[in-house]
1. Note down the Stokes-Einstein diffusion coefficient of the chain in µm²/s, whole number, using a Kirkwood radius over alpha carbon pairs, 25 °C, and 0.890 mPa s.
2. With every protein chain present, what is the per residue accessible area of the chain (1.4 Å probe, Å²)?
3. Which value in Å is the Kirkwood Rh of segment 1-87 over different Cα pairs?
4. Please report the antiparallel percentage of the DSSP beta bridges confined to the chain, to the nearest 5.
5. What order, most packed first, do the peptides 11-19, 148-156 have when packing is the mean number of other Cβ atoms within 10 Å of each residue?
6. Using a 1.4 Å probe over the heavy atoms of the protein chains, calculate the carbon and sulfur portion of the accessible area of the chain as a whole percent.
7. If I model a spin label as a point 7 Å beyond the Cα along the Cα-Cβ vector, how far apart are those points for Glu79 and Glu104 in nm?
Amino acid sequence: MLVLADLAAKYELPIDVHLEANEKTVAQFERLLAHNGRARIIWSHAGWSNTGLATPDLIRKLMAKYLNLYSSIEYRKPESAAQEAVKLMDEKVTLVLAWRSLFEEFPERFFIGTDVKLGDNETDYRHAAGHRRILEQFSEPIARKIAWENASNLLGLKGFPYSKGQAAK
């Protein structure tokens with residue numbers, strides 16, 4: 001992974017890491033983040049954790065320490081006690097304050113991720129409504145960054161315009 005980080009830095013391409021947080025994996029992840037500060041590393045699935053340890057507090061601590069850390073927001077309804085511990089939205093479909101605060105503190109470091117792959121079932125897109133619901137809860141500038149601008153910048157792509165009116169559709 002350290003060699004991959006060096007290549008990612010050299011070619012200005014991000015690395016997308018799927019990591020279940022525990023004491024050992026977070027220590028290894030910090031080693032990766034510290035290895036090459038020019039390697040932009042995405043920790044997938046903010047708001048989803050099978051261990052319940054990928055909390056807003058942990059992500060905040062890592063983002064404050066490592067400026068090369070980004071994360072994709074992954075909305076899913078919790079299916080276990082561990083997932084419930086890090087859920088993004090409450091029963092009223094409102095962002096949990098700890099997540100909202102984290103996203104607003106680091107608005108350039110988060111973006112929407114779906115984890116949908118080519119060939120997946122049509123039903124795999126059912127989470128898009130939850131992502132829209134998240135975006136509707138932010139100001140226009142933050143919603144735009146999280147919706148597409150941050151990912152577009154990170155990947156060196158030209159984005160598409162987003163407006164809050166589109167989020168409700």
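1. 149
2. Per residue, the chain has 56 Å² of solvent-accessible surface.
3. Result for segment 1-87 stands at 13.2 Å.
4. The antiparallel proportion sits near 10 percent.
5. Answer by packing, highest mean first, reads 148-156, 11-19.
6. The C+S portion of the solvent-accessible surface of the chain is 56 percent.
7. In this crude spin-label approximation the distance works out to 3.2 nm.
The values are calculated or read from the model by the stated rules, or taken from the named source; none is laboratory data. Values in this document were obtained by computation on a predicted structure and should not be read as measured data. All Cβ positions, glycine included, derive from the backbone under ideal geometry; neighbour counts span all protein chains shown. Quick note on the areas: whole protein, heavy atoms, side chains included, nothing else; ligands and nucleic acids left out. Shrake-Rupley method; radii C 1.70, N 1.55, O 1.52, S 1.80 Å.
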